[in-house]
Amino acid sequence: MAVKLRLMRMGKKKQPTYRVVAADVRSPRDGRFIEIVGVYDPRQDPSDIRIDNEKAVAWLTKGAQPTEAVRKLLQISGAWDELSAAEPALAVKAKAAPAKTKAKAKAAKTKARAAASD
């Protein structure tokens, strides 16, 4: 099961607050989730960010992928620094370049076959 750390919208119309949740990739934005990791209220000045760093680091070490917005919130709360201190290899892997596209993968496979047959 692929898990993401993402924002779940709460609150009334035009008055958003968000929960930071660990959820299955296939579930809808405001749908089913596994665990609440924190709360984000952008309407406060300054924004209210309350994240349980232990839960966040636990999910990240299990392989959960944060969205861009959640990654920024984790950096602000300090959970991202805790992860990189605890697991340097995971932090580097999370920042790695995106995977090869299908075309590049196919070209590499074709090149490897041609080299093997020669």
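The values are calculated or read from the model by the stated rules, or taken from the named source; none is laboratory data. Note that the structure is a prediction, hence the values are computed from the model and not measured. Here the Cβ positions follow ideal geometry from the backbone for every residue, glycine too, while neighbour counts run over all protein chains shown.
Summary of computed values
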{"item": "Listing of helices (runs of 4 or more DSSP H) fully contained in the range 55-118 that carry 2 or more residues being modelled with pLDDT of 70 or more", "result": "68-77, 79-86, 102-117"}
{"item": "Positions within the range 60-70 being surrounded by fewer than 22 Cβ atoms within 10 Å (Cβ to Cβ) and either among the aliphatic types (A, V, I, L, M) or more than 9 Å from Arg6 (Cα to Cα) (or both), in sequence order", "result": "Thr61, Lys62, Gly63, Ala64, Ala69"}
